[in-house]
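> First, the structure itself, so that you have it in front of you.
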Amino acid sequence: MGDFSAEVISHIDRAYIRGLLDKGQRTDGRAFDEYREIEIQTGVVPAKAEGSAIARIGDTRVIAGVKVVPGEPYSDTPDEGVVMITAEMAPIASPLFETGPPQEDAIELARVVDRGVRESEMIDIKKLIISEGKKVYMVFCDLYTLEYDGNLIDASAIAAAASLLDTKFPEVKVEDGELIPTKNMLRIPLQNLPVECTFSKIGKHLVLDPVLKEEMVQDCRLTIAVDEQDNFTAMQKGGGAGPMSLAMMEQAMDLALEKSKMIREAVRKSVKV
Amino acid sequence: MSTEKRPDYLISPEGLRIDGRRPDELRPIELEVGILKKADGSASIRQGKTYIMAAVYGPRELHPKHLTLNDRAYLRAVYRMATFSVPDRKKPAPSRREREISMVIANALEPALFLEEFPRTVVDVFIQVIQADGGTRCAAINAASLALADAGIPMSCLVPAVAVGKADGKLILDLGDAEDKYGQGDVPMAILPNTEEITLLQQDGKFTKEELLEAIGMGMTGCRYIHELQKEALKKAYAKRAPEGAGEEEEDLGEYDDDMEADLGESDLPEEDE
């Protein structure tokens, strides 16, 4: 996900991957604009998390869990709830990941997923109020990488979206300054469903949903978040300093518009009503 | 969000526990080996509502270098809880509790391993608690030991672990979350089944000497049973992975070849009835 171009990859692998692309092929036989198999499972932490999901793209797997906690609003937005997305590239997922506080790649991952959710106004934060200016619902969506074989951003965005759709939490109200549960269960007020599509630029080629080895030889990566109305709500160019032409970016935009529909459908289908 | 209340009783008038178990009954345990492709070894455990994954990487180069041991591999266990694994959101940074548990887990596992085979390296054991409902350190040891075996780290035996506690004055095996929280004590333990030596023992709450010894005896029995489950899970994983044509195991996992007996020290133990 981060810039692993400095990681060890043999010259043979590098030449092989690039050589294949020149012939119009990828190492796993996919077309350039084809996702690996996507599988989404919701309600995987039923006893403790308010919402949860595991998203798998090929051999990349991410678990997302949602906690909804009453808390105080930020002083500059007293009439809005709080939504926070964090990500941990846990060492369980890959020999490339290390223990310790989140490095810049994990922070980038969380922020890119967060921007997709926030900018699409997926969650109606004005409806997360318990008592204006005093108490609001704080929605925490935390992502843990379980297995890493490239394209963590898309898998994380899918897991985050599915876990938010899966979420049910107990309603509380303020009575005499105290929080009292009302015994009602609420859903997160959702009004949009963003999806992220990530591409690798390798030489003069643009490939969708890169595997780890493709990320290792890529010049750069481009992620595009698309909302339900086909607006672009977040973009990120990262994963290396290589430049990208406007024509290639336009190609990526067109593909993202097309592919996001399939993913959005898969996310919707994964949620049990 | 936590809306739990203290239950009225932990042991019912009929002598049953809040989840309906008898005092000496384990929760249902599901062990699975080889769940993560990128790890050298991996395993998961579901014990009641507790759900944990463990991955092993190594033996590999050790960073930071100053931890290097010249006569053996360094065993590094890292126990981490997901923020959403508990009723209230846990802070993402590692807590003092997680650090201590990491250490006692490493100490519980190490005596079973032949780490002297890999001097100046590290064997990393990463443990991720996905859902916590009591007994996570013991469940973590059960899974981590299997992950070490799956990684091919030489060992004298698998390490099973279980907690014994006290609720309403009665000793109970394999504490659930509520029993841990509202009970009168907790004794997590792990053993080496081939010698019956104890590699993890902690205690909180109040126990008399007699109670404590009885509790440990109860834990031993529990550990021996879990050890059987661990061996089953390991055999199942490898029977499943056997190349086609090596036997008819593909479909019928009940009849895989039992050729691992000697390696697992199984011959010393009484056979489990089917």
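The values are calculated or read from the model by the stated rules, or taken from the named source; none is laboratory data. Predicted model, so just to flag it, every value in this text is computed and none were measured. Methodologically, a virtual Cβ is constructed for each residue, glycine included, from the backbone with ideal geometry; neighbour enumeration extends over all protein chains shown.
> Considering only residues of segment A:51-87 that are more than 7 Å from chain B (Cβ to nearest Cβ) and among the charged types (D, E, K, R), which is surrounded by the fewest Cβ atoms within 10 Å (Cβ to Cβ)?
Per the stated criteria, the residue is A:Asp76.
> Which of the residues spanning segment A:198-232 are more than 18 Å from A:Val267 (Cβ to Cβ) and touching a Cys at 6+ places or on another chain (Cβ under 6 Å)?
A:Lys201
> Against the definition (modelled with pLDDT under 95 and loosely packed, with under 14 Cβ neighbours inside 10 Å), how does B:Pro28 come out, yes or no? Before you say what the answer is, go through the steps one by one.
Values: modelled with pLDDT under 95: no; loosely packed, with under 14 Cβ neighbours inside 10 Å: yes.
So B:Pro28 fails the test.
> Further, regarding this structure: Taking segment B:78-110, which residues are in contact with a Phe, Trp or Tyr (Cβ under 8 Å, 6 or more places away or on another chain), touching a residue at least 40 places away in the same chain (Cβ under 8 Å) and under 27 Å from B:Thr121 (Cα atoms)?
B:Val78, B:Arg80, B:Ile105
> Of the residues A:Gly133, A:Gly150, which is small (Gly, Ala, Ser), touching a Pro at 6+ places or on another chain (Cβ under 6 Å) and buried (at least 24 other Cβ atoms within 10 Å of the Cβ)?
None of the other options fit; the residue is A:Gly150.
> Still on this structure: Report the residue count in segment A:8-20 for those that are farther than 10 Å from A:Lys213 by Cα and at pLDDT below 85.
Number of matching residues: 2.
> Please verify whether A:Ala110 is within 14 Å of chain B (Cβ to nearest Cβ), outside any strand (DSSP E or B) and at negative phi, treating the condition exactly as stated.
Here the answer is yes, as A:Ala110 does meet what is asked.
> Specify the residue that is farthest from A:Tyr144 (Cα to Cα); the eligible residues are those in segment B:50-88 that are surrounded by fewer than 17 Cβ atoms within 10 Å (Cβ to Cβ) and of a type in the set (A, V, I, L, M).
Step by step, filter segment B:50-88, then rank; the result is B:Leu69.
> Another one. Given A:Pro91, A:Pro102, which one is within 14 Å of chain B (Cβ to nearest Cβ), under 30 Å from A:Leu206 (Cα atoms), without any contact (Cβ under 8 Å) to a residue 12 or more places away in the chain and surrounded by 16 or more Cβ atoms within 10 Å (Cβ to Cβ)?
Among A:Pro91, A:Pro102, only A:Pro91 is within 14 Å of chain B (Cβ to nearest Cβ), under 30 Å from A:Leu206 (Cα atoms), without any contact (Cβ under 8 Å) to a residue 12 or more places away in the chain and surrounded by 16 or more Cβ atoms within 10 Å (Cβ to Cβ).
> If you take just the strands (runs of 3 or more DSSP E) that sit entirely in segment B:164-242, which of them hold at least 1 residues that are touching a Ser or Thr at 6+ places or on another chain (Cβ under 8 Å) and surrounded by fewer than 17 Cβ atoms within 10 Å (Cβ to Cβ)?
No strands (runs of 3 or more DSSP E) qualify here.
> Give segment A:155-182 a look and list any residue that's touching an Asp or Glu at 6+ places or on another chain (Cβ under 8 Å) and at pLDDT below 95, or say none.
Matches in segment A:155-182: A:Pro181, A:Thr182.
> Do we have any residue at all in segment A:233-252 that's in contact with a Phe, Trp or Tyr (Cβ under 8 Å, 6 or more places away or on another chain), at pLDDT 95 or above and assigned to a helix (DSSP H, G or I)?
Yes, segment A:233-252 has at least one match.
> Identify the single condition in (1) in contact (Cβ under 8 Å) with a residue 60 or more places away in the chain; (2) over 18 Å from A:Leu257 (Cα atoms); (3) within 14 Å of chain B (Cβ to nearest Cβ) that A:Ala155 does not satisfy, given that it satisfies every other one.
Unmet condition: (2).
> Output the residues belonging to segment A:20-48 that are in contact (Cβ under 8 Å) with a residue 40 or more places away in the chain and facing chain B (nearest Cβ under 9 Å).
Answer for segment A:20-48, where residues must be in contact (Cβ under 8 Å) with a residue 40 or more places away in the chain and facing chain B (nearest Cβ under 9 Å): there is none.
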